[in-house]
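The values are calculated or read from the model by the stated rules, or taken from the named source; none is laboratory data. Note that this is a predicted model, so its numbers are computed, not measured. Positions of Cβ are backbone-derived with ideal geometry, glycine not excepted, and every protein chain shown enters the neighbour counts.
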Amino acid sequence: MTGEPQPSNYRPDTPIEKIAEWIADPVAAADFPKTLLRFRNRRWDGAVGLDTLDDEAWARHFGRFEALAGNLPCPLALRYHGHQFRNYNPDIGDGRGFLFAQMRDGAGRLLDLGTKGSGQTPYSRFGDGRLTLKGAVREILATEMLEALGVNTSKTFSVIETGESLQRNDEPSPTRSAVMVRLSHGHIRIGSFQRLAALGDNEHLAALVDYALAQYPGPTPPQDAPGRDEPPVRLLHLVVERLADLAASYVTSGFVHGVLNTDNMNISGESFDYGPWRWLPRWEPGFTAAYFDHAGLYAFGRQAEAIHWNCAQLAIALRPICEAPPLVAALERFPELFTHHVARRFAWRLGAGGASEEQAAKLVATGEAALVASGMQPDAFFLAARAGKLGDGPEFAEVRAALADCGPPECEHDYWRDETAQSMLIEEVEDIWSHIDKDDDWTALEAKVTALRRMGQAHGPAPEPAGH
């Protein structure tokens with residue numbers, strides 16, 4: 001989800017119910033010992049008309065999962081398959097989450113409320129269906145930082161501490177538990193199509209394509225695109241366009257998602273499900289976020305490759321209901337779109353949103369060279385470059401010249417006069433968590449969210465891709 005939230009009345013609408021019989025299972029939320037409200041997204045609750053709920057009602061709906069008026073009568077755990085680190089896994093699905101509600105915003109767009117840590121489902125396998133409080137805090141920080149940097153991301157809508165003690169291998173245990181609700185445009189994944197293709201269910205595969213096109217519309221394919229009127233071809237073009245832009249936004253944000261499996265690829269083009277994410281301490285293509293990514297499959301510099309590969313898996317899943325050549329033609333657009341969006345977004349971060357294609361491409365080339373040569377942390381680089389404080393070193397000469405060719409940068413907001421850039425390095429994340437863990441002190445988290453939203457105001461909205 002991108003752009004500024006606009007106030008809206010509560011407008012429930014549940015089109016998922018028409019396909020729920022073959023894409024989801026009704027489930028019940030866990031009965032938690034406690035429901036302590038820890039985070040409520042006051043920036044976005046009004047966009048779906050839920051800002052009028054008091055905190056007690058909020059906890060009932062997003063901790064006890066009492067159905068919202070006129071909405072889904074029962075939560076739905078979605079069914080899907082997925083490639084996980086390039087290995088196909090048919091034994092997955094919503095294992096610790098579910099779709100809780102659907103509604104329209106003021107522009108008529110469909111929005112979903114989905115959960116993480118809400119209890120076991122038929123797809124939990126050996127998991128307990130829970131989420132650690134630390135994991136929820138990390139997701140708040142990831143989504144707030146990404147939103148501020150113009151990335152199309154889900155929003156952390158609610159975090160409620162649930163009073164359980166959890167055992168985990170990747171953090172000190174026992175550790176505190178939470179249930180999180182995220183707001184996004186949808187939860188239909190590439191893996192949702194892969195499942196239907198694997199089952200040979202072509203009828204429902206075609207129906208899911210129709211659902212996706214109806215609920216997540218976008219620009220039509222190029223005029224010369226073969227098969228441009230066929231629904232599977234139209235869908236693949238949309239997904240390729242959206243995910244090329246998402247990959248570009250990761251690069252220009254210096255962000256590493258960590259787990260870009262096909263079950264983590266949303267056809268709405270939104271980034272979501274933040275586990276072992278990291279921001280770059282320096283510009284390093286081989287930097288990985290997940291300790292278990294031994295081959296560097298999802299390293300910073302390979303994320304576009306991974307996302308393009310995932311688009312190819314969608315094309316393969318659509319093959320039973322579509323000829324191959326038009327799907328291949330859609331896939332082949334990804335590299336050029338990615339390169340275009342990197343340049344567009346890189347220029348925007350530097351305050352040169354009006355740069356020509358040639359100027360933006362030069363900013364990327366000279367900017368990356370300066371980042372590598374200087375070893376600067378990327379967020380510090382972008383702040384210094386935009387504020388005219390890069391210094392006189394030879395490593396910055398070419399990027400300074402490229403910026404000068406674009407005219408004065410957009411620097412009206414007082415954030416650009418700050419001495420230190422807002423960043424999200426792991427040391428700060430751990431420090432914020434330590435205050436919560438040791439002293440139940442949430443002030444550092446609250447201050448960071450405020451600071452990130454201020455940075456987002458300074459950047460303004462990311463420029464929309466052409467045709468959107």
| said: If I go through the range 100-146 residue by residue, how many of them are at positive phi and not small (G, A, S)? | reply: 1
| query | Is there a residue in the range 112-119 that is within 30 Å of L425 (Cβ to Cβ), surrounded by 18 or more Cβ atoms within 10 Å (Cβ to Cβ) and in contact with a Phe, Trp or Tyr (Cβ under 7 Å, 6 or more places away or on another chain)? | reply | yes
| From the list P73, P90, which residue is in contact (Cβ under 8 Å) with a residue 40 or more places away in the chain and either assigned by TED's automatic domain parsing to the domain that holds I267 or surrounded by fewer than 21 Cβ atoms within 10 Å (Cβ to Cβ) (or both)? | P90
| task | Hey, could you check the range 158-185 for residues that are surrounded by fewer than 24 Cβ atoms within 10 Å (Cβ to Cβ) and under 20 Å from the mean Cα position of the chain (by Cα) and say which is modelled with the lowest pLDDT? | result | H185
| task | Answer yes or no: is there a residue in the range 276-297 that is in a helix (DSSP H, G or I) and touching a residue at least 24 places away in the same chain (Cβ under 8 Å). | result | no
| query | Restricting attention to the range 412-430, does a residue exist that is outside the structural domain of W277 (by TED's automatic domain parsing), among the small types (G, A, S), in contact with a Lys or Arg (Cβ under 6 Å, 6 or more places away or on another chain) and modelled with pLDDT of 95 or more? | reply | no
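Kindly provide the set of residues from the range 110-126 that are under 22 Å from the mean Cα position of the chain (by Cα), hydroxyl-bearing (S, T, Y) and in a loop (DSSP other than H, G, I, E, B), ordered by number.
Pass one, the range 110-126, residues under 22 Å from the mean Cα position of the chain (by Cα): 110-118.
Checking which are hydroxyl-bearing (S, T, Y) leaves us with 115, 118.
Across the range 110-126, the qualifying residue is only S118.
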| said: Can you find a residue that is at pLDDT below 95, part of a loop (DSSP other than H, G, I, E, B) and not charged (D, E, K, R) anywhere in the range 87-98? | reply: no
